[in-house]
Structures are given as C-alpha cells and as structure tokens.
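What follows is a set of notes on a single structure, which appears directly below.
The values are calculated or read from the model by the stated rules, or taken from the named source; none is laboratory data. Model, not experiment: these values are computed from the prediction. Note: ideal-geometry Cβ built from the backbone for every residue, glycine included; neighbour counts use all protein chains shown. The accessibility values were calculated without ligands, DNA or RNA, using every heavy atom of the protein model including side chains. Shrake-Rupley method; radii C 1.70, N 1.55, O 1.52, S 1.80 Å.
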Amino acid sequence: MRRFVLIAIPYLWLLALFLVPFFIVLKISLSDAAIARPPYIPQFDWAEGIWAFVRELDFENFIFLTEDALYWKAYLSSVKIALISTALTLLVGYPIAYGMARAPEEWRPTLMMLVILPFWTSFLIRVYAWMGILSNEGYLNQFLMWTGIISEPLIILNTPAAVYIGIVYTYLPFMILPIYAALDRLDGSLIEAAEDLGCSRAQAFWLVTIPLSRPGIIAGCFLVMIPVIGEFVIPSLLGGSGTLMIGKVLWEEFFSNRDWPVASAVAVVLLLILVIPIVLFQRNQQKQAEAEQ
Amino acid sequence: MIQFRNVTKRFGQFTAIDDLSIDIFEREFFALLGPSGCGKTTMMRMLAGFETPTEGVILLSGQDIDPIPPNKRAVNMMFQSYALFPHLSVWENIAFGLKRAKMPKQDLKERVEEMLRLTRLEQFAHRKPHQISGGQRQRVALARSLAKAPKLLLLDEPLGALDKKLRQDTQFELMDIQEKTGTTFVIVTHDQEEAMTVASRVAVMDHGRIVQADTPAKIYETPNSVYVADFIGDVNIIEGRATPNDGETYRIDWAEGQEPLTATSAHPFEKGQACHFAIRPEKVTISSERPADAANAVQGKVHDIAYLGNLSTYHVELANGTIMKAQSANTRRISRRSYTWEDPVWLSWTATAGVLLAD
Ligand SMILES: Nc1ncnc2c1ncn2[C@@H]1O[C@H](COP(=O)(O)OP(=O)(O)O)[C@@H](O)[C@H]1O
Ligand SMILES: [Mg+2]
C-alpha cells in the first residue's frame, strides 16, 4: 500500500499539472473562436450530452496553421534560432566548464556559485538590463566609443544578434552545469595515460576529454535547445519586430487577436515538435545512467 | 640504462624524493618497495614524464630525459588505477598507443592480437572496460602498456586490486612476459612478498630515499639496516653492545645476567658500540634441552603459538621479558606437537645465522 502511494504521487502530479492542462488546451485547439467569455465554442453542456459536444470539434485550426506561411516560418525560424544559439552556448559554455573542472579544488564552490548567482535576480530584470547595455546609447556603445574602437554606435538591439546574446547569457548555466559535472568526474589519470601512449595535449583532449564529456554536452544542448524553441521573452524584448519566433506568435494570437483556439493549436504543434528532442534527451540520460553502473 | 643522479623532488615544502641516486639496468626486473607515501609513485611519474625533478637529472640511455615530454618517451606506464579508456573497447584500448604511432593497419591488427593472446584476453576484445572483471581489466592495462614495446615499462602497484590467488598467477605471468619481451620492468609495490617473487633487484625506500637496493636474497639475508630487516619479512631484533673477538666474530652483551651472544659481521664494530642483532625466526631452532654444540642459546617459555598450516611460529618469552619468535616446519600432526603454552624451551642459532647492524 505504501509502495502504491509512493508511485501514485508523481503520477498524480503529472496528471494534475501536465495532462489535464494539456487536454484542456487540446480541446480549445479543436474549438472555434467566438466573441464570448471564454472566447471559444462549444462549451460543454450537461443538458445536450457529450456527443453533441464532440461533434462540434474539428481540426480547422490545425489546417489553418498549414495555410498561413507565417506559422511554419515561425516554427522553422524558432528551431533555427534554437540550434544556432545552442551551438553558441556550447562554444561559450564548454571552456568555462573545462576551466571550472581544472580549477583548484578550493575555488570550485565559488566558481559554481558565480555560475548560479544570476538566478537570484529576476529573469525579466536581467533581460531589461541587456536592453540598457545593448541599445544605441547603451553602456556597450558608450564604452566602445570612449575607447575609440568605433565612431558610430553599433546597432545591436532589435536584431537577431541581440537575441543570440540574450539567449546565450540566459541559458549558459544550463550548458555549464552538466558539462562541468561530466568533466569533474573525469579521471585525470586517463589524460596522463593518453599522453603516456603518445598523444599530444590537443590529441588527448580530442580523443579522451571530449568523448568522455559527451553525455554532459548532449544533456546541456537539450537543456538549452528545448526551452529556447518556445522562448518568448527574449525575442520580444531584445529581438524587435524582425525576429520571428513561435513563442511570440503564440503570445500575439492569444493576447492581441484573442484567438484562443488558434493559439492553442500553435501550442499543441509546438509540443509535438518538442517531444522529439525530449525523447532523445531522456534516452541520453538513461544510457548514461546505465553506463555508470 | 636509467640513472638517477642526485634527484630531489619537492612539492612545496614537502620533500618527496630526497637526493636519490640509483642505476637501473637493461632487461632488469626492478622493484621499488616501501610503505605508502615514501615516494614510489613520484619516482615512476618522474620516469614517465609527469613530474620533473626539482634538482638532479634522470638519464635514459645516457640522455637527460627532462626536456622530453611524456608522449615522446620510449617509456610506458601501467597506472595504479589502470586508467583504461571507458569509451573504448578492450581492442581499441590496446590499439590506442599504436594508432598514435601511425602504425600501418595490418601490423597494428597483428600486434593487438598478439597482445590479446599474450594476456589471454581474446574473448573479451570487443567488450568495454566496465563489462569485464578487475583481473581482466588489469591485464588490459598491461597489454596496453606493452603494446608499443617500450624500452622501459613502469608498473605502479599493478596487482593491488587482485585477490591472493589471481595475484600469484599474475606475478608469474608478469615474469614470463618480462622474459619473453626483454623489456626493462620497474614495478612499484608495498607488498614485500610480491617484490621478492618477481624482481631480480629490489630497492627498499623510506621517506624519499633508497635505503638498500640489492637482489631479493641479499636484502633478506643481509639487510643493511634495522629498517630494511624489519620491513622485509619477520625478524627478531635484539639490542646490545658489541665487543670484537678475534677475526670477524663479535660478542654481544644484551641483557643483565644473560649469557652474551656470538655473531659474525663483515662490517666492523668498535668495542662497546651499540648494535642491533637481527635474526629471522626460521633461523632460530626451538628445543626442550639445551643443544650441546650451539654457538648461541637462550632459555625462555612458550608465550604463544601461531599455527600457519605448514609452519608454526612460537613466541617465546625470555627471562628479561623480551619476546623472541622461532619458526619451525610442522612435519608432524598438530596434536603431536612437542611444546605447548608455558613450556620451558631453549632457542638456539649459529654464529652466522643473523646479522649485526649499527644504529
Ligand atoms: N602533486 C603532489 N603535490 C603534493 N604532494 C604530493 C604530490 N604527489 C605526491 N605528493 C606527496 O609525496 C609523497 C609521496 O607520494 P607517492 O610518491 O605517491 O607515495 P607512494 O610511495 O605511496 O606511491 C606523499 O606524502 C604525497 O602526499
Ligand atoms: Mg603510490
């Protein structure tokens, strides 16, 4: 009985906080928009029975998504931005994780603290701070003009570059931590063994360090990519109107157009897209857990 | 082949290797023996190139090896932890060094297979290190370090993780491989029995110094210090004062009211010089009557008996309270043993049975 309760708790949690909301969204995505409150029909009515209700549901909104180029372009652009920014985050995060893992033992807690520290400030405030840094009269331009490197301010804010900067900055800890965990576990004598057997430092890094930190790299990449695909705050605050991302489209459908059914359809498709990397991520974690036994 | 010339290695304030000079010869099986923390691994790491001496030089075939990085040295090391690459199969682990040396594919394949045969790992070639047992892993590590046919092979406590039976088998295998390949082996161990078994020469270390380096028999029979005598095997140490008789024999006064002992020593002692007399338990004869012709005989009573199967060690308490150990072969059944607890017995030995050591 106790066992049953222990197993049931996470499933109940999942049911209440994921599956039930998901089915509500799915139901809305199959409804029609209406000027009402809530702004869609049909509403379930006990008097008419379940069949009358189900018969009114259809896939109209999903078909609509395929008809308007905006949507698939937004999905594609989101995936592209997610892939590029994941690569950039990896490029920045790997050396940081490597440096942390090789730092003297007594510094490591401090370095770890520094990586986690930004989480203590609200995410929104940090993104607003980047607006202050990147804008035409912002600190970055002021500094660069003061040093004389540039004479005209660089236009960064409201371009894709600002989005990438924002994403790399925000998601960097999610990349660093799993890679650091993998590198920290790496036995230093393996590198020595590689050198002993004729590897140069660079070869040893490439043939031993990288393959052995691969589970960390994969975990980090998924942890960055999955949320970035649906990211809404960073592109809308830093990317201006030129950056097309599905999160932004979703927001506009929902709040500007008040078209809940289409917004829900967008969300359902987004979820389906995310299922693929999430499943791959789970497989990676599982394989790693097996390898460690 | 290898020469350590006044090598000192310090880690900060701590001196791990202290002004050490030693020669290791070609095709030798050389064992470094010493308690944990005495600097054995540090010596190996200096040979492999992972540490540089603070002072002094190490010569390999007459050449200072200090400027040569580890990946360019004709030296391979078998790590204490094995350090097998977990992401590579047994086959790939063994091939790793050969691939770096750009060996042609066909030769490489043959060499790896030869190594697999040598270490009897053929069936496990495609397993990953975590899919094989500790003993097999240890053989993979050995095969990997042997594959490049190094001039010098360093083995850092290679058999530490094995149980006794497997350990003995592997010791003989190691000796066999050393003979077959003609490689110079330097093995680190803190197990004196292992060092004695495999090595042609043993160096006993203490606090970053080599106290004595000699053949196993000489180390055992004629240790040059109390430290070595005590470290290798079981020993009785009697403190006393030496007085030269004629020739190389000395009289040792060791306890009030006790007959002095007689012992020979190649090393001269002055009259009245403090000395330690060391004698192995198996060289002490135990008897119930005083033997007529023994050069040395002391009386005591049996304090304790340790039964080891083939041998028994008798702990005999002498009149002044000293415990002396005597070992004898159990040629008779245990129930027919001649002496038992509290029995008065005589211990005797010849003048040449022990060694006389200065302080
Ligand atoms: N990198 C290092 N930094 C500081 N001290 C070290 C280092 N390596 C070894 N030592 C010290 O040197 C001494 C000898 O170590 P080691 O050679 O590993 O001994 P062992 O004979 O047990 O193999 C030990 O006391 C150890 O603490
Ligand atoms: Mg050691």
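The figures follow:
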item: Sulfur and carbon atoms: percent of accessible area, segment B:283-336 [1.4 Å]; result: 47 percent
item: Label-to-label distance, nm, for residues given as B:ILE305 and B:ALA149 (7 Å Cα→Cβ offset); result: 5.8 nm
item: Among A:GLU253, A:GLU105, A:GLU67, residue whose mean-square fluctuation peaks in a GNM of chain A (springs only between Cα atoms under 10 Å); result: A:GLU105
item: Residue-normalised accessible area of segment B:2-230, expressed per residue, 1.4 Å probe, Å²; result: 44 Å²
item: Spread of Cα-to-Cα distances over 10 Å intervals beginning at zero, given as percent, for segment B:140-192; result: 22, 61, 17
item: FRET efficiency, B:PHE11 to A:ASP187 (Cβ-Cβ, R0 22 Å, nearest 0.05); result: 0.60
item: Accessible carbon and sulfur surface of segment A:161-243 relative to its total accessible area, %, 1.4 Å; result: 68 percent
item: Value in Å of the Kirkwood radius, where segment B:234-357 supplies the Cα pairs that are averaged; result: 15.0 Å
item: Student exercise, chain A dipole from Lys, Arg, Asp, Glu Cβ charges, in Debye to nearest 20; result: 420 debye
item: Residues in segment A:200-228 occluded by at least 10 Å² - accessible area, probe radius 1.4 Å, against chain by itself; result: A:SER200, A:GLN203, A:LEU207, A:VAL208, A:PRO211, A:LEU212
item: Rounded if a/c under 1.5, otherwise prolate or oblate - segment A:129-278, Cα gyration tensor axes; result: oblate
item: Sequence-distant residues sharing a close amide H with B:THR8 (under 5 Å, placed H); result: B:ASP19, B:LEU20, B:THR54, B:GLU55, B:GLY56
item: Protein-protein interface of segment A:159-197, residues with accessible area decrease of at least 20 Å², isolated chain reference, 1.4 Å probe; result: A:SER189, A:LEU190, A:GLU192, A:ALA193, A:GLU195, A:ASP196, A:LEU197
item: Along principal axes, Cα extents of segment A:190-232, largest first, whole Å; result: 50, 14, 9
item: Cα gyration tensor shape for segment B:152-247, rounded if a/c is under 1.5, else prolate or oblate; result: prolate
item: Inter-chain shielding of B:70-76 (mean C-beta neighbours from other protein chains, 10 Å cut-off); result: 4
item: Trypsin sites (Lys or Arg not before Pro) restricted to DSSP loop in segment B:266-359 with at most 10 other C-beta within 10 Å; result: B:LYS271, B:ARG332, B:ARG333
item: Residues losing 40 Å² or more accessible surface upon assembly, segment B:116-150, compared with the chain by itself, 1.4 Å; result: B:HIS130
item: Cβ neighbours within 10 Å from other chains - mean over B:85-91; result: 4
item: Per-residue [θ]222 nm for chain B (sum of -39500 (n - 2.57) over DSSP H runs n ≥ 4, rounded to 500); result: -7000 deg cm²/dmol
item: Check: the protein assembly as shown dipole with +1 on Lys, Arg Cβ and -1 on Asp, Glu Cβ, in debye; result: 1240 debye
item: Test item: A:23-32 mean partner chain Cβ contacts at 10 Å; result: 0
item: Relative contact order computed over segment A:69-292 (Cα-Cα under 8 Å; 6+ residues apart), in percent; result: 28 percent
item: With all protein chains modelled, accessible area of B:LYS72 [1.4 Å, Å²]; result: 140 Å²
item: Once exposed loop GluC sites (Glu not before Pro) are cut out (DSSP; at most 14 other Cβ, 10 Å), longest piece of chain B; result: B:27-255
item: Where chain A is the region considered: accessible area per residue in Å², 1.4 Å probe; result: 59 Å²
item: Solvent-accessible ranking of B:CYS275, A:CYS221, largest area first, probe 1.4 Å; result: A:CYS221, B:CYS275
item: Relative contact order computed over chain B (Cα-Cα under 8 Å; 6+ residues apart), in percent; result: 15 percent
item: Segment B:169-243, accessible surface, carbon-and-sulfur percent (1.4 angstrom probe); result: 48 percent
item: Cα-derived Rg over Rh, computed across the protein assembly as shown with Rh taken as Kirkwood radius; result: 1.19
item: Accessible solvent surface per residue of segment B:234-357, calculated while the other protein chains remain in place, 1.4 angstrom probe, Å²; result: 54 Å²
item: Hydrodynamic radius by Kirkwood, which averages 1/r over all alpha carbon pairs of chain A, in angstrom; result: 22.6 Å
item: Between A and B, accessible area buried - total, square angstrom, nearest 100, 1.4 angstrom probe; result: 1700 Å²
item: Taking segment B:234-357 and dividing mean pair separation by its residue count, relative contact order in percent (alpha carbons under 8 Å, at least six apart); result: 30 percent
item: Computed P(r) (all Cα pairs; chain B; 10 Å bins; percent); result: 5, 20, 24, 21, 16, 10, 4, 0
item: Calculated diffusion of segment B:1-90, Stokes-Einstein form, Kirkwood radius summed over Cα pairs, 37 °C and 0.692 mPa s, µm²/s; result: 231 µm²/s
